[in-house]
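The structure appears right after this line, and notes come after that.
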Amino acid sequence: MSAPTVPARPGAVALSIVASVPRTPRGLLTAASTVLVFLALLLPIGAVCQIVLTSQLDDRSPTQAIVVLDPARYWGDPVPVMNARLAHAAQLYAAGTAPVIVVTGPARSAKFAREQLIASGVPAADVVAFTTGADTVGALQVVATIMRDLSWESATLVTDPPHAARAQATAAGFGIDAHLSPTEAGPGTALTSEYVGRETAALLRFYLLTRWDQAQIITTPTR
């Protein structure tokens with residue numbers, strides 16, 4: 001008769017596991033490098049997917065305001081892009097998406113946008129110009145502050161399809177219940193590799209850096 005097998009003691013098992021770990025940090029460094037490379041590949045892919053999927057959204061459910069974001073000036077002539085956004089905002093207003101249109105941007109740009117909407121048939125009393133910076137974070141921070149003062153919570157954001165993901169993420173960080181209805185035609189509408197590339201870098205910068213400096217401005221009361 002063979003001798004019975006003695007179960008290994010837990011302490012012995014633990015010692016054997018520890019002994020199997022490399023005595024040098026080379027294994028840990030290799031694993032850490034692998035994780036970093038994986039994240040470096042995964043994060044941009046995830047950002048691109050978010051940009052492409054969000055660009056397809058067209059939420060026309062009722063909100064308290066239609067917010068037209070001002071296009072950046074350093075990527076070319078902003079006027080045709082702004083005109084496309086204003087035309088889309090006017091369509092949303094006519095469809096009853098919201099009772100007021102808010103235009104953003106530096107004083108001259110916001111004034112131009114307001115005049116364009118009024119000329120297109122939107123009542124002057126229903127077009128409000130908020131003087132803001134040209135960047136997405138600065139503009140939406142001002143919008144969120146004024147919305148809070150007016151007891152508004154929801155807004156329909158009008159911008160270019162490639163910019164929609166970053167606009168929504170930024171607005172949500174300030175507490176805005178952001179609905180998206182990007183432009184459907186005109187300059188800035190196409191998902192070009194250049195535009196998507198710029199927005200991918202900007203979206204990653206937002207998540208990795210900017211988001212941590214944001215303060216929630218609009219707080220929805222618990223019901």
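Worth a mention:
- Sorting M147, M82 from the fewest to the most surrounding beta carbons within 10 angstrom yields M82, M147.
- Considering only the Cα atoms of the range 55-213, their convex hull presents on average a projected area of 8.4 nm².
- The residues I118, I218, I101, when put in order of fewest to most other Cβ atoms within 10 Å, stand as I118, I218, I101.
- Among L203, L92, the order by Cβ neighbours within 10 angstrom, fewest to most, reads L92, L203.
- Seen from L57, the other residues with C-beta closer than 13 Å to its C-beta sum to a net charge of -3, counting Lys and Arg as +1 and Asp and Glu as -1.
- Net charge of Cβ neighbours under 12 Å - reference A167; Lys, Arg +1; Asp, Glu -1: -2
Coordinate-derived values only; no laboratory data. Everything quoted here is computed from the prediction, not taken from an experiment. All Cβ positions, even for glycine, are placed from backbone atoms using ideal geometry, and neighbour counts span all protein chains on display.
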